[in-house]
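Each reported figure results from applying straightforward, stated rules to the coordinates on display, with no laboratory input. Keep in mind that this is a model prediction, so the values were computed, not measured. Ideal geometry is used to build each Cβ from the backbone, glycine not excepted, and the neighbour counts take in all protein chains shown.
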Amino acid sequence: MSNIPSKLQERLALDFDFSTVILARKQGVEGATQKFLWRLRDGQFIESVLIPASASLYGETSDRFTLCVSTQVGCAYGCNFCASGLDGFKRNLEPAEIVDQVLSVKRMQQGDGGRVITNLVIMGMGEPLANYPNLMHALNFLNAKWGTNIGARKITISTSGLAPQIRKLAKEPQQYRLAISLHGATDGVREQIMPINKKYPLSQLINAVEEYQSLKNGMVTLEYILIADLNDSPDQALALAGIAKRLRAKVNLIPYNEVDEFKWKRPTQNAQDAFIQGLDKSGVLTTLRREKGHDIDAACGQLRLRNEKELDAQRS
Ligand code: SF4
């Protein structure tokens, strides 16, 4: 902005950020699932994923879009299936870095037939509730009429199960939707892939979610990545149905997206179908997310991981 006095330019540069994320890579084509790799000012990378509603997590059928955003660089929680945690935790995102993922995609969409981001899922890289104050600060802007005006009920916060922060979230005035990354329906199975379960076992997690529901009266979603020979047995389907019924939750099944660094495999189509039938028989509302981004490193953290490997190769 060279048309304003230089003193004011200096002052603005000190006090304001105009953009905190720079597009480093984009994968996928317009109208389908797209993945964005952002470079931050300190050289770190994060990801966002834009999902057309027809392919979205919660089954809406329109030409509207859901954006999945990151809240941390890396992740400290080390879930044993997730590329985001492979490199450990680097840092929390600032509120502006969370907001700018949304604003930057919105800007790109402006010339694209008026398509709009109607839903947000806070489910990208990082554990959102471990960056609680910055997340709330960002959501206040994203939710506000003077901000991006995305309704609280259109914003889903996903957590790996931080029970105390779920209770805290229940006391916020906004009615955000809650999703729990469950991925195991008994402590024995869940602990194999989610270390957080040792700190907050299922009994504590379920109690916290019940408290959330009693204060918010909102539908909770249980995210469940189906992994062959780990959590796709009939027993797990039965246990999952029990939890879902107790929490009056719906279940979102996601067939595992294979990552080189982990041994896990995606279940066969038959195994997926059998698991769904097990839940259906119990009367649990279930959706299966047929992963639209399988070819574009769409599982959380995969694009960043590939980018880091390429940068390492260039350096050596
Ligand atoms: S699944 Fe979520 S909490 Fe677990 S390592 Fe990945 S980003 Fe972190």
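Taken one residue at a time, the phi angles of region 35-50 give Karplus couplings (6.51, -1.76, 1.60, θ = phi - 60°) of 10, 10, 9, 10, 9, 8, 5, 8, x, 7, 10, 9, 10, 9, 10, 9 Hz. Gly and Pro are set to x. Comparing Arg246, Arg167, Arg91 in a Gaussian network model of the chain where C-alpha atoms under 10 Å apart are linked, the largest mean-square fluctuation is found at Arg246. Taking amide H as placed 1.01 Å from N in the peptide plane, Val251 has its amide H under 5 Å from the amide H of Leu222, Leu285, Thr286, Thr287, each at least 5 places away in sequence or on another chain. Which log10 I(q)/I(0) values, to two decimals, does region 137-179 give at q = 0.18 Å⁻¹ under the Debye formula with one point per Cα? Taking Cα atoms of region 137-179 as identical point scatterers yields -0.52.
With a Förster radius of 45 Å applied to the beta-carbon distance between Asp17 and Lys168, the computed FRET efficiency rounds to 0.95. When Rg and Dmax are taken over the Cα atoms of region 1-56, they come to 16.7, 50 Å. When the chain is treated as a Gaussian network with alpha carbon springs shorter than 10 Å, the biggest mean-square fluctuation among Gln236, Gln110, Gln277 belongs to Gln110. Rounded to whole numbers, the Karplus 3J(HN,Hα) couplings from phi for region 236-244 are 5, 4, 5, 5, 5, 4, x, 5, 4 Hz, using 6.51 cos²θ - 1.76 cosθ + 1.60 with θ = phi - 60°, and x at Gly and Pro. When the C-alpha to C-alpha distance is required to be over 21 Å, the pairs from Lys245/Lys281; Lys26/Lys106; Lys154/Lys245; Lys216/Lys245 that qualify are Lys154/Lys245. Which value in nm describes the separation of the simple spin-label points at Arg25 and Thr186, placed 7 Å from the Cα toward the beta carbon? So the two model labels end up 4.0 nm from each other. Taking the inverse of the mean 1/r over every pair of distinct Cα atoms in the chain gives a Kirkwood hydrodynamic radius of 20.2 Å. Projecting the Cα atoms of Thr148, Ser104, Ile225 onto the charge dipole of the chain, computed from C-beta unit charges around the Cα centre, puts Thr148 farthest toward the positive end. Backbone geometry of region 206-211 corresponds, through the Karplus equation with coefficients 6.51, -1.76 and 1.60 at θ = phi - 60°, to 3J(HN,Hα) couplings of 5, 4, 5, 5, 4, 5 Hz, x marking Gly and Pro.
Residues Asp232, Asp260, ranked from the fewest to the most other C-beta atoms within 10 Å, line up as Asp260, Asp232.
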